[in-house]
Ligand SMILES: Nc1nc2c(ncn2[C@@H]2O[C@H](COP(=O)(O)OP(=O)(O)OP(=O)(O)O)[C@@H](O)[C@H]2O)c(=O)[nH]1
Ligand SMILES: [Mg+2]
């Protein structure tokens with residue numbers, strides 16, 4: 001299967017508003033360097049305060065919100081003026097993050113803006129009821145999002161068992177915000193046209209490759225990262241930063257990946273690497 005496209009970085013960047021929802025969302029937002037950032041939480045210092053109006057919005061269908069010109073919609077319309085997309089970060093399982101992310105996603109939908117959500121799910125040790133609450137919030141959020149990328153906080157314990165909690169959360173926060181930053185840094189508005197009115201579940205991975213045939217090694221390692229999910233992917237966006245002057249490499253990488261993922265459209269977004277000889281590949285798989 002041929003690759004869908006190789007797209008070079010252009011000036012037509014996406015204009016995004018990134019909403020950090022709940023305590024974890026506010027923390028995750030702090031590790032983001034791109035986009036127009038707003039906080040949505042119960043704290044008085046939040047840009048959007050979790051109050052009765054926001055709570056009611058979290059329980060109101062986008063179509064009803066639009067039709068009745070819900071007061072939260074009015075607020076959100078002003079905040080999101082000029083944005084092409086609304087991005088949401090949160091840790092699910094608590095109260096604020098679930099309600100705030102649902103309200104923001106529904107308001108964005110009511111304004112016909114695509115939503116990309118990237119969220120953390122509770123550590124195993126937090127218990128079954130918290131994990132069940134997180135699952136419920138995730139389904140609600142995914143119902144109003146064009147792309148939803150869930151991350152298990154527990155992956156940190158599994159991959160780095162000896163790191164302290166605060167450090168683990170810092171690392172997780174960088175990971176959770178990564179797919180959103182990739183889209184903001186690499187993609188143009190054609191990315192958004194491709195996800196409009198869709199509800200994709202996303203998986204994100206990143207790898208580095210260098211040396212001879214790095215394209216083949218990089219493709220192998222990316223596909224391995226997706227494990228059993230790879231077969232179910234319908235789209236793959238690769239965010240490639242590589243040395244200047246290797247024009248054919250992006251195409252080769254895309255073809256290597258496409259060759260391993262039957263029936264999956266592969267798009268490669270390319271930027272020049274800051275470091276010579278250092279090829280970084282971010283991958284957002286959608287199903
Ligand atoms: N990755 C990450 N996860 C966090 C962080 N803080 C909390 N969490 C996770 O997010 C879940 C929700 O926690 P909070 O964000 O504190 O809860 P909240 O949404 O503010 O809800 P309430 O404060 O209970 O109203 C927790 O169960 C943790 O698993 C953080 O800084 N980073
Ligand atoms: Mg909180």
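Looking across segment 15-37, the residues that are touching a residue at least 24 places away in the same chain (Cβ under 8 Å), within 16 Å of ligand 2 (Cβ to nearest atom) and buried (at least 16 other Cβ atoms within 10 Å of the Cβ) come down to 19, 20, 21, 22, 23, 24, 25, 27, 28, 29. Suppose the filter is more than 27 Å from residue 151 (Cβ to Cβ) and more than 16 Å from ligand 1 (Cβ to nearest atom); does residue 61 pass it? Criteria met by residue 61.
What are the residues in segment 39-55 that are surrounded by 15 or more Cβ atoms within 10 Å (Cβ to Cβ) and more than 16 Å from ligand 2 (Cβ to nearest atom), if any?
Step one: of segment 39-55, the residues surrounded by 15 or more Cβ atoms within 10 Å (Cβ to Cβ) are 39-42, 46, 48-50, 53-55.
Scanning segment 39-55 gives a single hit, 53.
Can you tell me which of 209, 232, 258 is surrounded by fewer than 18 Cβ atoms within 10 Å (Cβ to Cβ) and farther than 30 Å from residue 36 by Cα?
Values: 209 fails: surrounded by fewer than 18 Cβ atoms within 10 Å (Cβ to Cβ); 258 fails: surrounded by fewer than 18 Cβ atoms within 10 Å (Cβ to Cβ).
Just a single option satisfies the conditions, and that option is 232.
The condition of being in a loop (DSSP other than H, G, I, E, B), in contact with a strand residue (DSSP E or B) (Cβ under 8 Å, 6 or more places away or on another chain), near ligand 1 (Cβ under 10 Å from one of its atoms) and at pLDDT 95 or above holds for residue 93. Filtering segment 105-122 to residues that are within 16 Å of ligand 2 (Cβ to nearest atom) and part of a loop (DSSP other than H, G, I, E, B) leaves only 122. Residue 7 falls short on exactly one of the conditions (1) touching a helix residue (DSSP H, G or I) at 6+ places or on another chain (Cβ under 9 Å); (2) assigned to a loop (DSSP other than H, G, I, E, B); (3) closer than 30 Å to residue 253 by Cα, and that condition is (2). Taken over segment 79-103, the residue count meeting the criterion of being within 20 Å of residue 171 (Cα to Cα) and more than 15 Å from ligand 2 (Cβ to nearest atom) is 2.
The number of residues in segment 148-171 being closer than 16 Å to residue 91 by Cα and outside any helix (DSSP H, G or I) comes to 7.
Total residues in segment 124-139 satisfying the condition of being within 16 Å of ligand 2 (Cβ to nearest atom) and under 18 Å from residue 169 (Cβ atoms): the figure is 3. Candidates are the residues of segment 10-32 that are assigned to a loop (DSSP other than H, G, I, E, B) and out of contact with any helix residue (DSSP H, G or I) (no Cβ under 7 Å at 6 or more places or on another chain); the one that is nearest to ligand 1 (Cβ to nearest atom) is 15. Would you mind stating whether residue 142 is buried (at least 19 other Cβ atoms within 10 Å of the Cβ), away from ligand 2 (no atom under 16 Å from the Cβ) and in the same structural domain as residue 265 (by TED's automatic domain parsing)? In short, no. Tell me which of these residue 162 doesn't satisfy, since it passes every other one: (1) farther than 30 Å from residue 71 by Cβ; (2) crowded, with 21+ Cβ neighbours inside 10 Å. The single condition residue 162 does not satisfy is (2).
The values are calculated or read from the model by the stated rules, or taken from the named source; none is laboratory data. As the structure is a prediction and not an experimental result, all values here were calculated from the model. Reconstructed Cβ throughout: ideal geometry from the backbone, glycine too, with neighbour counts over all protein chains shown.
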